[in-house]
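First comes the structure, then the notes that go with it.
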Amino acid sequence: MVTIKSQREINMMKKSGELLASIHKEIAKMMRPGLTTWDIEVFVDDYLKKHGATPEQKGYRGYEYATCASINDEICHGFPRKQPLKNGDLVTIDMVVNLNGGLADSAWSYVVGEADESVLKLMDVTKTALYKGIEQVKPGNRIGDIGHAIQTYVEGEGYSVVRDFIGHGIGPSIHEKPEVPHFGLPGKGLRIKEGMVFTIEPMVNVGRYHSKMDANGWTARTADGSLSCQYEHTLAVTKDGVIILTDQDSTGDDN
Ligand code: MF3
Ligand code: CO
């Protein structure tokens with residue numbers, strides 16, 4: 001069942017999303033060779049505490065960390081670790097923030113130090129794919145319209161879209177209905193309604209879309225070893241269109 005959120009719930013999730021967006025903007029400033037994803041984990045944990053929020057991912061189905069940190073060929077759910085990041089690494093930081101019961105989920109990709117042209121291109125296509133998906137979010141459209149817009153664009157650029165992990169409804173728990181694939185057919189799937197809140201979070205690979213699971217049971221990486229990138233926003237559907245609850249551009253402090 002897809003729950004419809006009240007204006008009050010959406011406002012609470014928006015507050016949480018603003019906090020999450022400000023964390024990503026801080027991480028962007030920290031990113032440099034030698035930093036570890038464990039440093040980021042500790043920073044996020046402290047930042048949330050200072051702002052009266054909690055890391056919703058910690059303890060979720062046995063996951064032990066506030067953040068997911070996925071480096072290079074890792075697609076998602078990488079563990080934060082003490083291995084120093086190297087010049088040119090591509091790292092995705094993903095987290096779910098709980099502020100007074102309001103949840104928000106956002107992943108962002110960063111390049112460490114000087115970026116290779118090919119990495120910048122992958123990042124640009126992945127971020128654009130997210131926004132092409134967001135454009136389809138309006139009452140009356142269908143979930144398949146989102147995936148279709150993303151898949152058509154990404155494959156047209158010569159990359160592939162991961163199939164094994166998809167966007168999801170969110171709040172009060174991390175994963176709710178609807179399921180939001182980043183591939184699909186236009187006019188298919190559930191109709192999008194006012195009051196729905198869900199994520200769009202395309203994972204885009206340079207090579208093929210297939211993933212394989214690490215022995216830790218969490219971390220997925222590309223089967224062919226190619227680079228993978230991800231951007232994710234939490235979105236609320238209103239009668240006038242969409243609100244990006246985790247928007248980094250609407251919180252002041254340019255970056
Ligand atoms: N933030 C993740 C998502 O986008 C949720 C990860 S759940 C965890 O779906 F337990 F792995 F953290
Ligand atoms: Co996420």
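The values are calculated or read from the model by the stated rules, or taken from the named source; none is laboratory data. Predicted, not measured: the structure shown is a model, and the values here were computed from it. Don't worry about glycine lacking a Cβ; one is built from the backbone with ideal geometry, like all the others, and counts go over all protein chains shown. What goes into the accessible areas is simple: the full protein's heavy atoms, side chains included, and nothing from ligands, DNA or RNA. Shrake-Rupley method; radii C 1.70, N 1.55, O 1.52, S 1.80 Å.
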Practice task
Starting from the coordinates of the alpha-carbon atoms of the range 7-248, obtain the Kirkwood hydrodynamic radius over all distinct pairs and give the value in Å to one decimal.
Solution key: 17.7
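Per DSSP H run of n ≥ 4, the term is -39500 (n - 2.57); total these for the chain, divide by its residue number, and report the mean residue ellipticity at 222 nm rounded to 500 deg cm²/dmol.
-9500 deg cm²/dmol
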Practice task
Please find the FRET efficiency linking Asp116 to Lys49, where r is the Cβ-Cβ separation and R0 is fixed at 30 Å, and quote it to the nearest 0.05.
Solution key: 0.25
Problem - Around Asp145: net Lys/Arg minus Asp/Glu count, Cβ-Cβ under 15 Å - result: +4
Exercise for the section: Determine the dipole magnitude for the chain: charges of +1 sit on the beta-carbon of Lys and Arg, -1 on that of Asp and Glu, nothing else is charged, the reference point is the Cα centre, and the result goes in debye to the nearest 20. Expected result: 700
Completion exercise
The lysines whose Cα lies under 17 Å from the Cα of Lys15, excluding any fewer than 8 residues away in the same chain, are Lys5, Lys25, Lys49, Lys50
Exercise for the section: Just add up the charged neighbours of Leu85: K/R +1, D/E -1, any other residue whose Cβ is under 15 Å from the Cβ of Leu85. Expected result: -2
Problem - Estimated dipole of the range 171-252 in Debye, rounded to 20 [Cβ of Lys and Arg +1, of Asp and Glu -1, Cα centre] - result: 360
Practice task
Within the range 67-94, which residues have the backbone N less than 12 Å from the label spot 7 Å out from Ala215 along Cα→beta-carbon, could you tell me?
Solution key: none
Handout entry: For the chain, accessible area per residue (1.4 Å probe, heavy atoms of protein chains only), Å²
Key = 43
Handout entry: Heavy-atom accessible surface of the chain: percent carbon and sulfur, 1.4 Å
Key = 51
Problem - Derived scalar couplings ³J(HN,Hα) [the range 219-224; Karplus, 6.51 cos²θ - 1.76 cosθ + 1.60; whole Hz; x for Gly, Pro] - result: 7, 9, 9, 5, 5, 8
